[in-house]
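Since the structure comes first, as structure tokens, the remarks are kept for the end.
Read-outs throughout are calculated quantities, based only on the coordinates presented, and are distinct from any laboratory measurement. Because the structure is a prediction, the values reported are computed rather than measured. Ideal geometry is used to build each Cβ from the backbone, glycine not excepted, and the neighbour counts take in all protein chains shown.
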Amino acid sequence: MKIREGTSLDVDPIDRIAKASFDPVYAFFARRGVRRAKPLLVAEQDDMVAGFLEGFLFDGLPPIGYIYFIAVDIDHRPKGLGRALVLAALDTFRAWKAARVFASVPRDNDASRRLFERLGFAEVPRSALRRWYGWRGIGVRIRMVIAPHEVLLVRTFTDLPLAPAQKAPEPSS
């Protein structure tokens, strides 16, 4: 197995895998997302594309990583390709100085949820983006386009600084 950056030559295999893995709406957006994916990773097995991962890096301080599509060809499951793709994406986001990486997964997709949870992701409410990033988090959440039937998962790389300490009020006399 080999994980590498995807190219425009990978669009057709990605489309094939997406159509076999997702409903038509998700498959459409997976193919469309190839253009803006950062990173776009593919897993090769026996010299053919056997899986892909589309992510996005939201610029800012700190950058925010987002994995929005991952799929593995049915004939190559469960051989660890999905795990290898997510690990490669985490390495990429870490190198880009992201403090957190998010993923959205359909609530009923137990296999994907288990994969992410085994790699240190935990479910968080959507409001966490606003709580952690303020107004920027609202903009990021809107651009993530998280469907109502999806859960938001997060993996944090570093201990983030705590909110500034607030002075306790003085007792009144």
Quiz prompt | Cα-centre dipole for segment 1-58 with unit charges at Cβ (Lys and Arg positive, Asp and Glu negative), debye to 20 | solution = 300
Practice problem: Determine, for Arg107, Arg118, the number of other Cβ atoms within 10 Å of each Cβ, and report the residues in order from fewest to most. | Solution: Arg118, Arg107
Practice problem: Within the set of other residues whose C-beta is less than 12 Å from the C-beta of Leu90, count the net charge using Lys and Arg as +1 and Asp and Glu as -1. | Solution: +3
Quiz item: What list do you get for Met144, Met1 if you sort them by fewest beta carbons within 10 Å?
Solution: Met1, Met144
Exercise. Quick one: what are the phi-derived ³J(HN,Hα) couplings along segment 12-18, Karplus 6.51/-1.76/1.60 with θ = phi - 60°, whole Hz, x for glycine and proline?
Key: 5, x, 5, 4, 4, 5, 4
Quiz item: When you take every Cα atom in the chain, what is the radius of gyration, and what is Dmax, the widest Cα pair distance, in Å?
Solution: 18.0, 78
Quiz item: Given the C-alpha centroids of segment 1-55 and segment 119-161, what is the distance between them in whole angstrom?
Solution: 24
Quiz item: In terms of modelled amide H atoms, which long-range or inter-chain residues lie less than 5 Å from the amide H of Tyr68?
Solution: Glu54, Gly55, Phe56
Practice problem: Starting with the fewest neighbours, write out Phe102, Phe58 ranked by other beta-carbon atoms found within 10 Å of each beta-carbon. | Solution: Phe58, Phe102
Quiz item: Between the helical axis of 81-95 and the dominant principal axis of the chain, each derived from Cα atoms, what acute angle in degrees is found, rounded to the nearest 10?
Solution: 50
Exercise. Give me the angle, in degrees from 0 to 90, between the Cα long axis of helix 24-33 and the longest principal axis of the Cα atoms of the chain, rounded to the nearest 10.
Key: 80
Exercise. Counting other Cβ atoms within 10 Å, keep those with at most 13, restrict to DSSP loop, and tell me which trypsin sites (Lys or Arg not before Pro) in segment 1-83 are left.
Key: Arg35, Arg36
Practice problem: Please work out whether segment 1-68 counts as rounded, prolate or oblate from its C-alpha gyration tensor, where a ≥ b ≥ c are the square roots of the eigenvalues and a/c under 1.5 means rounded, while otherwise a/b larger than b/c means prolate and anything else oblate? | Solution: oblate
